[in-house]
Amino acid sequence: DMTISRDAFVRNLPGAVAHAPFCAHGDDFVHDGAERGWRIRLTPLPDRVIASLALERHAVEIYLRGYDGAGERAFLERFELHFRRGGG
């Protein structure tokens, strides 16, 4: 899960997916290339509450199609690195 607002996720997603074109369908973000594609599902979770601070959270599921092992790792590493905060 990620502690992030939906707006912040959508704003940062293009860089995390190397600016591949995608369509948003509700909670799903989809890129359908001829040989490879992906779908990322963003599902709201209960806020993480720390004292009087409430942080929005989402479950993030990533489905890849047509990627080999190295391609999957590269995609996921780029995605994680792009959303990492505070130096990791």
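The values are calculated or read from the model by the stated rules, or taken from the named source; none is laboratory data. Just so it is clear, the structure is predicted and the values come from calculations on it, not from any experiment. Counting neighbours? That spans all protein chains shown, and the Cβs are built from the backbone with ideal geometry, glycine included. Surface areas here come from the heavy atoms of the whole protein model, side chains and all, with no ligands, DNA or RNA. Shrake-Rupley method; radii C 1.70, N 1.55, O 1.52, S 1.80 Å.
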Mind pulling the angle between the C-alpha long axis of helix 6-16 and the longest principal axis of the chain? Nearest 10 degrees, somewhere in 0 to 90. 40 degrees
Given the Cα-Cα distance of E72 and R41 and 0.36 nm per residue of separation, how much length would full extension add, in nm? 9.5 nm
To the nearest 10 degrees, how steeply does helix 69-83 sit against the main Cα axis of the chain, on a 0 to 90 scale? 30 degrees
For H58, H82, give the ranking by accessible area with the largest first, probe 1.4 Å. H82, H58
If I take all pairs of Cα atoms in region 7-56, what percentage of them are more than 17 Å from each other? 45 percent
First select every other residue whose beta carbon is under 12 angstrom from the beta carbon of V30; then total the charges, Lys and Arg +1, Asp and Glu -1. 0
Between A20, A51, A59, which gets the highest mean-square fluctuation from a Gaussian network model of the chain, Cα cutoff 10 Å? A51
If you work out Cα extents along the principal axes in Å from the coordinates, which of (i) 61, 31, 20; (ii) 39, 24, 21; (iii) 48, 30, 19 do you get? (iii)
